[in-house]
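Student: Starting off with a structure, shown below.
The values are calculated or read from the model by the stated rules, or taken from the named source; none is laboratory data. Note that this is a predicted model, so its numbers are computed, not measured. Neighbour counts run over all protein chains shown; Cβ positions are idealised from the backbone, glycine included.
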Amino acid sequence: MIAFALVVPACAPAPARAPVDTAISFERVARPVLRVAARTDTRDPSLAFDAGGSLWIGAVTGGKNPGYALFRSPSLGDRFELEQVAPVRPGMLTGGQLGPRFVLDSKEFSHLIYATEQARRHDVVVARRRWFESGWTGVSARGWAADSRSWGAFADLAVAPDGRAFATLLDERNHHGPSDDVSEVWLARTDDDTHVTHVQRVGAHTCSCCRTAVATRDGRTIFVAYRGDFDRDQRDMTVVTSHDGGVTFDPPVRIAQDGWSIHGCPESGPSLLLDGMRLRIAWFTLGADARPRVLVSHSDDDGKTFAAPVEVSGAVLDANYPRLAAAKPAGALVTFVGRDPADGGFGKIRAWIVRLSGDDRSAPQAVTPPSLDVSDPVAIMPNATVVAVAANGTTDVVLVRGRVRQ
């Protein structure tokens, strides 16, 4: 049995502080940017920035039999070129909480994690290649102990400075029937291109359709977050921490009690980010009052305790699917989706952004125009003056850039 350490009592979000100025001027148009180069539909974007000054988008391509491709823009998004098609395995799962994730590390290796389902067989694949080389290597993150007939998906990926990759996923290899209908969180570590060197369970009794999250500072301190399934169907955020590279983990920490009970899965997982020595987490909840919102919290002691949660979505309606990204020179960005209350309550679903600085935060700022529905936005801040946000448009990934006002 896994014991839980409850560090925050049932509580309302922390009282509001004076907001910081977002101070970002965004383009007025969300431009479709990949379809010309891809020659097909694109979706599920990930963003990266390399040392040479190029902006990268990794995205799913095609429809019924999806592929994956990397696109590069040396002009900060004016135009993208198809850099390479990744040779993904058949049956790649896409969309929302299931979609692939792409990471470009400091040594300019490309890392990709994705889940597959083919002929009732399931896998989670971690692939890697060196920039400008054509060959990819791929390895199963589920390890030798997994039965491929059992479910495994909802994966995330973090890469240490030395190139080791840490993958988290939900796994049902120990599911034995309707009375034991629970998923578990598993961690895999890959030290090279050919095999997984360590696989272990790190969490139990989780929501079965919420993406996991993982972050690492140095390859030794590993943080894993997931939505736990507690008594009376309470669905609260949980963090586990390793100090030895993922070999052992501290007891799980239930970081807050939102008061949300649901007999089902919210299909919305957490997002983690290391902001210097501070660990930040963002998540979606309805709370006891059944009002959709995005909350953030942080830990300054490596996941032992967490600050009271703070609501960052403000008056935005139907807020959901938060993603954290690093701000420059410090702080964080939170992107999420929601509707503008000024549009009568049922306008288009837009991308929004909030900037976090220390314990302060900006007011939510709309990124995409009110004429376009978007989903799954993600941000990147390649330098102190530029912010880029990519999201799913109608049939193509759209991009909106912003300038930080000085």
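Student: Scanning the stretch 335-362 for residues that are farther than 22 Å from residue 28 by Cβ and touching a residue at least 60 places away in the same chain (Cβ under 8 Å), which turns out surrounded by the fewest Cβ atoms within 10 Å (Cβ to Cβ)?
Tutor: So the residue we want is 359.
So that you can scan it fast, the table gives a plain yes or no per residue for (1) within 30 Å of residue 300 (Cα to Cα); (2) modelled with pLDDT of 95 or more; (3) touching a strand residue (DSSP E or B) at 6+ places or on another chain (Cβ under 9 Å); (4) in a loop (DSSP other than H, G, I, E, B):
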site	(1), (2), (3), (4)
315	yes, yes, no, yes
323	yes, yes, yes, no
338	yes, yes, yes, no
342	no, no, no, no
351	yes, yes, yes, no
355	yes, yes, yes, no
379	yes, yes, yes, no
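Student: Also: Can we say residue 41 is closer than 30 Å to residue 266 by Cβ and of a type in the set (Asp, Glu)?
Tutor: When the stated conditions are applied, residue 41 passes them.
Student: So which of 91, 99 is at pLDDT 95 or above, in contact with an Asp or Glu (Cβ under 6 Å, 6 or more places away or on another chain) and not basic (Lys, Arg)?
Tutor: Of 91, 99, the one residue that is at pLDDT 95 or above, in contact with an Asp or Glu (Cβ under 6 Å, 6 or more places away or on another chain) and not basic (Lys, Arg) is 99.
Student: Looking at residue 294, is it of a type outside the set (D, E, K, R), closer than 20 Å to residue 168 by Cβ and either in contact (Cβ under 8 Å) with a residue 12 or more places away in the chain or surrounded by fewer than 18 Cβ atoms within 10 Å (Cβ to Cβ) (or both)?
Tutor: no
Student: Ok, one more. Out of all the residues in the stretch 38-45, is one or more assigned to a helix (DSSP H, G or I), in contact with a Cys (Cβ under 9 Å, 6 or more places away or on another chain) and either over 21 Å from residue 365 (Cβ atoms) or not basic (Lys, Arg) (or both)?
Tutor: No, that holds for no residue.
Student: When you scan the stretch 308-323, do you find a residue that is of a type in the set (A, V, I, L, M), in contact with a Gly (Cβ under 7 Å, 6 or more places away or on another chain) and surrounded by fewer than 22 Cβ atoms within 10 Å (Cβ to Cβ), even just one?
Tutor: Checked the stretch 308-323: at least one residue is of a type in the set (A, V, I, L, M), in contact with a Gly (Cβ under 7 Å, 6 or more places away or on another chain) and surrounded by fewer than 22 Cβ atoms within 10 Å (Cβ to Cβ).
Student: Output the residues belonging to the stretch 273-325 that are more than 23 Å from residue 44 (Cα to Cα) and of a type in the set (Gly, Ala, Ser).
Tutor: Within the stretch 273-325, 276, 287, 288, 290, 297, 299, 303, 307, 308, 314, 315 qualify.
Student: Where in the stretch 206-299 are there strands (runs of 3 or more DSSP E), lying fully within it, with 2 or more residues that are touching a Lys or Arg at 6+ places or on another chain (Cβ under 8 Å) and of a type in the set (A, V, I, L, M, F, W, C)?
Tutor: The strands (runs of 3 or more DSSP E) meeting that bar are 271-275, 278-285.
Student: On to the next question. Identify all residues within the stretch 287-301 that are in contact with a strand residue (DSSP E or B) (Cβ under 6 Å, 6 or more places away or on another chain) and over 24 Å from residue 99 (Cβ atoms); write none if there are none.
Tutor: Once the filter is applied, which keeps residues that are in contact with a strand residue (DSSP E or B) (Cβ under 6 Å, 6 or more places away or on another chain) and over 24 Å from residue 99 (Cβ atoms), the stretch 287-301 yields 297, 298, 299, 300.
Student: Counting just the residues of the stretch 7-30 that are assigned to a strand (DSSP E or B) and loosely packed, with under 15 Cβ neighbours inside 10 Å, which one comes out modelled with the highest pLDDT?
Tutor: 25
Student: Within the stretch 85-96, which residues are at negative phi and surrounded by fewer than 20 Cβ atoms within 10 Å (Cβ to Cβ)?
Tutor: Matches in the stretch 85-96: 85, 87, 89, 90, 94.
To keep it simple, each residue is scored yes or no on (1) at pLDDT 95 or above; (2) in contact with a Leu (Cβ under 7 Å, 6 or more places away or on another chain); (3) over 28 Å from residue 332 (Cβ atoms); (4) crowded, with 18+ Cβ neighbours inside 10 Å.
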residue: 200; (1), (2), (3), (4): no, yes, yes, no
residue: 207; (1), (2), (3), (4): no, no, no, yes
residue: 232; (1), (2), (3), (4): no, no, yes, no
residue: 245; (1), (2), (3), (4): no, no, no, yes
residue: 270; (1), (2), (3), (4): yes, no, no, yes
